[in-house]
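Q: Dropping the structure in here first, questions after.
The values are calculated or read from the model by the stated rules, or taken from the named source; none is laboratory data. What you are looking at is a predicted structure, and each value in this text was computed from that prediction instead of being measured. Every residue, glycine among them, receives a Cβ derived from its backbone with ideal geometry; neighbour counts consider all protein chains shown.
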Amino acid sequence: MLVLPTSVGRSEGRETPLDLAGIALLTLGVGLLLVGLSERIAALIVAGLAVVAVFLWVERRAAAPAAVRS
């Protein structure tokens, strides 16, 4: 925080809003998969895969998907 420019994180110059749904779904899906795989709990693995599938569906319809553009 002390070394970043003050413009970082501000939305005044941003053309499209942050993809909060994508951020939340990806975080939840990866978290469920990691816990499920480390604890060998099939229900968490299936839930994680389902959330990742919903994430992919949401990202196909997002105004600014999380994909890196070059």
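Q: Which residues, taken from the stretch 12-63, are part of a loop (DSSP other than H, G, I, E, B) and at pLDDT 95 or above?
A: Answer for the stretch 12-63, where residues must be part of a loop (DSSP other than H, G, I, E, B) and at pLDDT 95 or above: Arg40, Ile41.
Q: For the stretch 17-33, name all the residues that are free of Cβ contacts under 8 Å to residues at least 40 places away in the same chain and under 18 Å from Ala50 (Cβ atoms).
A: Across the stretch 17-33, the qualifying residues are Ala24, Leu25, Thr27, Leu28, Gly29, Val30, Gly31, Leu32, Leu33.
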